[in-house]
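Asks: Mind looking over this structure? Questions follow.
Derivation of every value follows stated rules applied to the coordinates shown; laboratory data play no part. Remember, it's a predicted structure, so these values are computed and weren't measured experimentally. Positions of Cβ are backbone-derived with ideal geometry, glycine not excepted, and every protein chain shown enters the neighbour counts.
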Amino acid sequence: MRIGIDYTAAVRQGAGIGRYTRHLVDALTQLDVENQYVLLVARGRIRQPCPWLDLVARRPHVRVVTLPLSDRTMAVLWHRLRLPLWPEWFCGALDVFHSPDFTLPPVLRARTALTVHDLSFVRVPQSADPALRSYLLRVVPASVRRADVVLADSQSTRSDVIECIGAEPARVEVVYPGVDPRFRPLEDAHSLQAVRSRYGLPDRFVLGLGTLQPRKNYERLIEAYVTVRREVGSGVKLVIAGGKGWLYDSIFRCVEELGVAADVRFAGYVADEHLPALYTLAELFVFPSLYEGFGLPPLEAMACGTPVVTSNVSSLPEVVGDAALLVDALDVPALAEAIQRALSDEDLRSRMTRLGRQQARRFTWPAAAKKLLHLYRHLAISARQ
């Protein structure tokens, strides 16, 4: 087989879909050395250094093709003007083309796979940028209808795709993302101290992580922290790590209005290589998101041995199982109570640490690659029939 994969997100985004694409392609091209892989990247997106791209590009069955136009221009040509600017024009014939980033370009003869990570723009529309939401509402359903197989990150997202877009259930498959083996409890004091110093982390802290945006529900986390702080004292701080998304000003205002600016630390975007140390240093990881298509951070924290409190919505109960405290994230007193329990009950913390590491081990990139390769083969065979 000759398999084309849109790799643009892998070099455009440090986290989220970018990280997903990097790990998936790395696992696929390690597992499968018989088939050829063509990674397509929009013009202007490859920056040096790009070690993950260099790593996979050195494999003899992998070829990287740079498209002649930017991803924004390609999106206009593909999805607004609907021009038949097939990827095969730039890389030759393909048996399978996979887009891991919500939207599917027109293809010539290849069978197609499309990954839909979540439907937050449908399920929680108030938390999405209006312009982006309008674009996704137009393009994602059309892409789903054209795809031969739709890949969802969880059973929850699969149900959303079927219910909200009307995809035939037989065409929607679940391929769970994996947890990078780098996520484990770190014991190297020098590495831990280096990350503590780099991000100005306090001695004891509760961690929240994710892009600063309404869907991540940080304002309620801050309100819950204020309640917890009255009980446990100001020795335990709150650290929120993540880059700025949109409508984030209200998060900073919340800290000022509640008078906890001295106790809440905004660490900004944390590089992938520093995340295992960040999770290890935290006493508790809290993920009160209002909606997630999968929710990888709770699993990463669990893999590092850190207890987790998270929301009881969308995919999160499916992902964390019985290894975390689940709470209604709209209920600030309930969130505060869960945080306080997870900080103070040593038996509970020990149990959550043990079960959390077991739960995280259920999700691996080799397993994701194995299932995806099976689906690719099925697509290629069906094309010949």
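Asks: Each label point is 7 Å from the Cα along the Cα-to-Cβ direction; what then is the distance between the points at residue 93 and residue 273, in nm?
Replies: 4.3
Asks: Based on Cβ point charges of +1 for Lys and Arg and -1 for Asp and Glu, what charge dipole magnitude is obtained for the chain about its Cα centre, in debye rounded to the nearest 20? Working shown, then result.
Replies: Details: 47 positive and 41 negative charges, 270 e Å.
In total the dipole reaches around 1300 debye.
Asks: Considering only 292, 337, 163, give the residue with the highest GNM mean-square fluctuation for the chain, with springs between Cα atoms whenever their separation is below 10 Å.
Replies: With Cα springs under 10 Å in the chain, the top fluctuation among 292, 337, 163 is at 163.
Asks: Can you work out the FRET efficiency for the pair residue 246 and residue 331, with r the C-beta to C-beta distance and R0 = 22 Å, to the nearest 0.05? Working shown, then result.
Replies: Values: r = 25 Å, r/R0 = 1.14.
The calculated FRET efficiency here is 0.30.
Asks: Given an 8 Å cut-off on Cα distances and at least 6 residues of separation, report the relative contact order of the stretch 1-128 as a percent.
Replies: Details: 199 pairs, mean separation 32.1, N = 128.
In percent, rounded to a whole number, it is 25.
Asks: Which three lengths, in whole Å and largest first, does the stretch 106-242 cover when its Cα atoms are put on their principal axes?
Replies: 59, 35, 25
Asks: Measure off 7 Å from each Cα along the Cα-to-Cβ vector at residue 61 and residue 83, then give the distance between these two points in nanometres to one decimal.
Replies: For residue 61 paired with residue 83, the spin-label model returns 3.5 nm.
Asks: Which residue fluctuates most in the GNM of the chain (Cα springs below 10 Å): 174, 124, 236?
Replies: In this elastic network of the chain, the residue with the biggest mean-square fluctuation among 174, 124, 236 is 124.
Asks: Here is a further query. Can you order the peptides 303-310, 86-93 by their average number of other Cβ atoms within 10 Å per residue, highest first?
Replies: Numbers: 303-310: 25.0, 86-93: 15.5.
Those peptides, ordered most packed to least, come out 303-310, 86-93.
Asks: Okay, moving on. Rounded to the nearest 0.05, what FRET efficiency do residue 312 and residue 211 have when you use their Cβ-Cβ distance and R0 = 25 Å?
Replies: Numbers: r = 21 Å, r/R0 = 0.85.
So, using R0 = 25 Å, E works out to roughly 0.70.
Asks: Taking neighbour Cβ counts within 10 Å as the exposure measure, how do 119, 343 sort from fewest upward?
Replies: 343, 119
Asks: For 272, 322, what ranking results if the residue with the fewest other Cβ atoms within 10 Å of its Cβ goes first?
Replies: Numbers: 272 14, 322 11.
Lowest to highest Cβ neighbour count: 322, 272.
Asks: Using 0.36 nm per residue, how much length does the chain from residue 34 to residue 134 gain when fully extended, once their Cα-Cα distance is taken away?
Replies: Working: separation 100, 0.36 × 100 = 36.00 nm, distance 4.10 nm.
Result for the pair: 31.9 nm of gain on full extension.
Asks: Could you work out [θ]222 nm for the chain from helices alone, using -39500 (n - 2.57) per DSSP H run of at least four and dividing by all its residues? Round to the nearest 500 deg cm²/dmol.
Replies: On the way: 17 runs with 166 residues, N = 385.
It comes out at -12500 deg cm²/dmol, rounded to the nearest 500.
Asks: When you count, for each residue, the other Cβ atoms within 10 Å and take the mean per peptide, how do 374-381, 362-369 rank with the highest first? It would help to have the intermediate numbers written out before the result.
Replies: Details: 374-381: 16.5, 362-369: 18.1.
Sorting 374-381, 362-369 by mean packing, highest first, produces 362-369, 374-381.
Asks: Could you tell me which of rounded, prolate or oblate describes the stretch 175-272, using a ≥ b ≥ c as the square roots of the eigenvalues of the alpha-carbon gyration tensor, with rounded for a/c under 1.5 and, failing that, prolate when a/b is larger than b/c and oblate otherwise?
Replies: Values: a/c = 1.88, a/b = 1.26, b/c = 1.49.
Verdict is oblate for the stretch 175-272.
Asks: Continuing with this model, one more query. Using the Karplus curve 6.51 cos²θ - 1.76 cosθ + 1.60 with θ = phi - 60°, what ³J(HN,Hα) values do you get for each residue of the stretch 126-136, in whole Hz, with x for Gly and Pro?
Replies: Computed from phi, the couplings for the stretch 126-136 are 5, 9, 10, 4, x, 5, 5, 4, 4, 5, 5 Hz.
Asks: Which residues' amide hydrogens lie under 5 Å from the amide hydrogen of residue 102, considering only partners 5 or more residues apart or on another chain, with H built in the peptide plane?
Replies: Answer set, sorted by chain and number: 115, 117.
Asks: Would you mind checking the radius of gyration and Dmax of the stretch 189-360 based on alpha-carbon positions, in Å?
Replies: Cα radius of gyration and Dmax of the stretch 189-360 are 14.5, 40 Å respectively.
Asks: By counting other Cβ atoms within 10 Å of each Cβ, how are 291, 135 ranked from fewest to most? Walk me through the numbers on the way to the answer.
Replies: On the way: 291 24, 135 17.
Listed from fewest to most nearby Cβ atoms, that is 135, 291.
Asks: Considering amide H positions built from the backbone, and no H for Pro or chain starts, which residues 5 or more places from residue 210, or on another chain, come under 5 Å of its amide H?
Replies: It is 241, 242, by chain and number.
Asks: Return the long-range amide H neighbours of residue 201 (sequence gap of 5 or more, or a different chain), with a cut-off of under 5 Å between placed amide H atoms.
Replies: Result for residue 201 returns nothing.
Asks: With +1 assigned to the C-beta of every Lys and Arg and -1 to the C-beta of every Asp and Glu, and no other charges, what is the dipole magnitude of the stretch 189-360 about the Cα centre in debye, to the nearest 20? Intermediate values should be presented prior to the final figure.
Replies: Values: 17 positive and 21 negative charges, 77 e Å.
In total the dipole reaches around 360 debye.
Asks: Let me ask something additional. What is the distance, in nm, between label points placed 7 Å from the Cα along the Cα-to-Cβ direction at residue 232 and at residue 146?
Replies: Modelled inter-label distance: 5.0 nm.
Asks: Same structure again: Which of these values of P(r) over Cα pairs in 20 Å bins from 0, in percent was calculated from the structure shown: (1) 20, 33, 9, 12, 16, 9, 1; (2) 31, 62, 7; (3) 28, 56, 16, 0?
Replies: (3)
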